[in-house]
Structures are given as C-alpha cells and as structure tokens.
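The values are calculated or read from the model by the stated rules, or taken from the named source; none is laboratory data. Just so we're clear, the structure is a prediction, and the values are computed from it rather than from any experiment. Positions of Cβ are generated from backbone atoms using ideal geometry, with glycine treated the same way; all protein chains shown enter the neighbour counts. Heads up: the accessible areas ignore ligands, DNA and RNA and are worked out on the full protein's heavy atoms, side chains in. Shrake-Rupley method; radii C 1.70, N 1.55, O 1.52, S 1.80 Å.
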Amino acid sequence: MNEEEVWHIEPSGPLRGDVVVRGSKNGVSKHMVAAMLGGGESTIHNAPEVGEVHITAAMLRALGIEVEISNSEIRIARGPEINPRVPAEYTGLNRIPILMLGPLLHLAGEAFVPLVGGDPIGRRPIDFHVDALRQMGAEVEISDKGVYAKAKRLQGTRIVLPYPSVGATETILMSAVLAEGKTVLKNAATEPEVVELALFLQRMGALIELSPDRRIVIEGVERLHGASTWLAGDRIEAFSYLAAGLVTGGEVRVHGCHQDRLVTAITTLARMGAQFEINDEYLCATKPPEGLRSAAVQTDTHPGFMTDWQTPLMVLFTQSQGMSVLHETVFENRLVYVPALQKMGCEIEVFDQCLGGPACRYHDTNAKHSAVVRGVSKLRGADVTLPDIRAGFSAVLAAAVADGASVLRGVHHIERGYHHPFEQFVSLGLNLSKGTAPRV
Ligand code: UD1
C-alpha cells in the first residue's frame, strides 16, 4: 500500500527506431460518446490502447451502453435501458463526463455527471458547456458533487463561444445534432479532432455545415444511426516522438500521422534547425551537426502551435543553443510541470508577463504562463512526480538525456494518454524498467 509503481530510467544515448501512432487519445473518447447517439452499432477503428479508452468505456457501460474493445477496434451499441447518471466513482478522472450531458439529455431527458477532472493545467472550467446547454433550453444545476441537467428536448439556437474551446464545441455538436431546429455556433474550435468528430456525426446522419470564420451550422434531425470510422493519427504523440529522437540526437521515424496534422510543429522544429525527411510512409527529424537553435514560440488554437506540443518542446529548448521563449496562451497553468524539469537541471524561469508574442488573455493576471529557457543545460537524473499526461512524457525525455538515473512517479498519467509508452520507449533503446518505490 505504501509502495507505488515507478519507472527507472538510466542514461541511454540516442533513441532510434520506428513508432506507429494510432488514432488520437483526444479523438477516440469523443467518438465513443458520439456513438451513444446512434440507433445502431458504431465501430471505431485504429483506436489507441490508452487508459482514457478504458475509463470512457467503463462510464458508458455504467450508463447502459454496450462497449466491446478488441485491440484497435471499439464497437458501441445502445442497450435496452439508459441510466442517465454517471456514477460518482468517475469523479475527477478525465474531462469526458461533461461531454455526456447533451447525449444523455437526448436519450433520457435528464443527466447527472460528476465533477470532471483532466490534467491540472489551469482552472479548466465548464461554464461554456453549461451556458450552451442552458441556451439550448436545458435546466442545469451545479453542486459540489456534479452537474444535473434536464430538458424535454434541446432547442437549436445561436451560440457564441467566448473562446474557441475544443470541449465546448464538441458538447454543442453532440447536443445540436438531435435538437429541434437549427443551431448556429460562432467562434467554434476548428482543431482537427473537432472536425473529425463532426465528420463522424455526419456519417451517423447529422446535418452539419462547417462554414468559414469559425462558424458551424447544425440542423437537428430526428434520429441518428450507427457508423464506422478510422481515426486519424495522434498529432500530439507524433510530435512527442519526433522530439524524443531530436533531443537524444537519434532518429525516430513516426508512422501513422499525416503531415497535415503537424504543419506548424514541423515548421517550428525546422526553424530551430531540425532536418526533416517527410514522405508518404513516415516523418523523421534529425539534429544538425551544429545542434539545434533557440526559438520563441507561442501556443495557440489550431492551426497555431498546439499547447500539448509545448511540453516536449520545452525539453528540446534546454538542449538547444541559447535562450528560448515559450508563451502559453491556451491554458493559464500549463507550466505546472516546470518544477519537475528544474529538479532535473533544466534552466527554466517562468513569468506572468506575455513574452514571445502579443498580449494574451492572461495579460494582467498572476498566471505564470511564459517561460525563458537557457540551453544547452546539463541535465541530471532525479526522483520526480509527474503532474499530468503531457508533462509526464517530457520528464521521460529529460531523463533520457540526463546524467545518472531517474525515478518517475505517477506514470499512470503517461499510460492514460499514450499507446503502450513503456514498450515503445524500450523499442527505441531507452534504458527503462518498471519497479516500485516507497510513496513520498
Ligand atoms: C482539449 C484537449 C487538450 C488540448 C485542448 C486545447 C481533450 C480531452 N483535451 O481540452 O489536450 O490541450 O483541447 O487544444 O480533447 N474554457 C473555459 N470554459 C469552458 C471550457 C474551456 O473557460 O467551459 C477555457 C479553458 O480553461 C482553456 C480554454 O478554454 O483556457 C481552452 O480549453 P478547451 O479548448 O476547452 O480544452 P479542452 O477541451 O478541455
């Protein structure tokens, strides 16, 4: 009981080899929720084997949805009876319950979901989701236990999001497809995973129009049917392994994620001097003989530099020549993982000013959302606790280039978001082993 699972990482040299990324962690769970809306069976192909899928499957089963998972294939069908309450035991595990509100209102006229979790990267509020459902006619009550909503039938309406939130756009899509009448959403997120979800709903019979200027028009239909889809490759995982090759001076060929999902990421790395090989089979980046150069990078909504790419980038900055700057504009507290990297010798300082780009929403707040990073730093092994999925991966990268052994705690975070990360890293040559250590 007083022991926890840890990863031990020893100095390993360059990581080399091939990685095949599967469908995205951020896409698969939303598709699973969308499949609830279909009258028949839906099949999701190329699904990653990640903790997030199992958490979502368990929640769906608790609601009376049949879920069968076999390797990369997930089959989902509605059972004869729907229980509209997500059990309290799923409190705080991930962000998916909030996305179930709309579908449950359609299936049962009421819904209860426990308070959502996800990574501790900011307040991660749910006000956009709740406001949108209220605008569509739902009565919503929020307590310290969770969110209860009821509605006879959701009504199409005009919604303007204060910020193009991925999750809120997905909530609105999954609520509007079966609502009465037309919903016009302005300032919608246009991330590839959002568009992919819209395409899946279209296959299920939804009437969705993706218009210019972040506008989505959805005409509610009476019913949806099951559909089948192949998930596109995870762009976060793809970037993370490209960074793993670069930071260790090795070469990781990433298969399964198309170039068009990584345009800004590729250009950012290329500006730092990374040499790319891109063909129809794989993407690969290598460090030039003189080493990588520093950069100033600002995270943004799509098609900007994705916020989830900044954690591996930060480790790359520590191994690039000179001073780099990172400005996080999507989540106010995404830099929570910096202390773990500092413990490993990364020279990173965080600021509440907007550095490396124009003023963002966090200007004039106390949110430490900019970082200045000095390279090249000599990293040392350390005993660190991983605060979230993406930070977890970056700690592995730092440990891979550190002198001395590292102990990583909280590795379940990495397993929630990456497909078989332990086996993948071992196959690339990382000197990695599993063990246990007394809790700290
Ligand atoms: C999703 C992704 C996450 C990614 C993020 C941005 C999943 C499971 N996670 O998170 O990996 O980093 O998109 O691409 O798909 N906000 C509010 N109120 C709300 C909802 C959001 O203020 O009701 C704010 C958030 O605090 C944040 C910003 O909007 O500052 C963007 O968040 P959002 O796009 O909703 O992120 P998620 O969907 O949670």
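Suppose every K and R has +1 on its Cβ and every D and E has -1 on its Cβ; what is the size of the dipole of the chain about the Cα centre, in Debye to the nearest 20?
Computed charge dipole of the chain: roughly 560 debye.
Just to be sure I understand: with springs between alpha-carbon atoms less than 10 Å apart, which residue in L199, L99, L246 has the highest mean-square fluctuation in the Gaussian network model of the chain?
It is L199.
For the pairs K378/K434; K30/K287; K145/K368, flag any whose C-alpha to C-alpha distance is greater than 32 Å.
K30/K287
To the nearest 0.05, how large is the calculated FRET efficiency for D280 and K378 if R₀ is 60 Å and r is the Cβ-Cβ distance?
Calculated value: 0.95.
Tell me the per residue accessible area of the stretch 25-230 using a 1.4 Å probe; a whole number in Å² is fine.
Averaged over the residues of the stretch 25-230, the accessible area is 40 Å².
Nearest 0.05, what FRET efficiency do T267 and E10 give at R0 = 30 Å with Cβ-Cβ as r?
Efficiency, from the Cβ-Cβ distance: 0.30.
Quick check: pseudo-label points 7 Å beyond the Cα along Cα→Cβ at R293 and E209, how many nm apart are they?
Each label point lies 7 Å from its Cα, and together they span 4.6 nm.
Relative to the longest principal Cα axis of the chain, at what angle does helix 235-247 sit, 0 to 90 degrees, rounded to 10?
That helix lies at roughly 0 degrees to the long axis.
Against the longest principal axis of the chain, how steep is helix 166-176, in degrees 0 to 90 to the nearest 10, with axes from Cα atoms?
Helix 166-176 sits at roughly 20 degrees to that axis.
Ignoring ligands, DNA and RNA, please state the percent of accessible area on the stretch 1-158 from carbon and sulfur, probe 1.4 Å.
Here it works out to 46 percent.
Return the long-range amide H neighbours of T385 (sequence gap of 5 or more, or a different chain), with a cut-off of under 5 Å between placed amide H atoms.
R409
Checking the cross-link filter: which aspartates and glutamates have an alpha carbon closer than 12 Å to that of K182, excluding same-chain neighbours under 8 positions apart?
Here the aspartates and glutamates satisfying the reach criterion relative to K182 are E209, E219.
Between E68 and T91, what is the label-point separation in nm under the 7 Å Cα-to-beta-carbon projection?
3.5
In the chain, what percentage of the DSSP-assigned beta bridges are antiparallel, given to the nearest 5?
Just about 70 percent of them are antiparallel.
So what is the relative contact order for the stretch 25-230, in percent, with contacts set as C-alpha pairs under 8 Å and at least six apart?
Relative contact order comes out at 21 percent.
Note down the net charge around Q310, summing +1 for each Lys or Arg and -1 for each Asp or Glu among other residues with Cβ under 9 Å from its Cβ.
Result for the neighbourhood of Q310: 0.
Antiparallel as a % of all DSSP beta bridges within the stretch 25-230, to the nearest 5?
75
Rank R271, R293, R334, R78 by accessible area, highest first, at a 1.4 Å probe radius?
If we order R271, R293, R334, R78 from most to least accessible, we get R271, R293, R78, R334.
For T190, tell me the accessible area in Å² from a 1.4 Å probe, rounded to the nearest 10.
50
Helix 25-35 against the longest principal axis of the chain: what's the angle in degrees, Cα atoms only, rounded to the nearest 10?
10
Give me the one-decimal nm value for the distance between modelled label points at D144 and N333, 7 Å along each residue's Cα-to-Cβ direction.
Result: 1.8 nm between the two label points.
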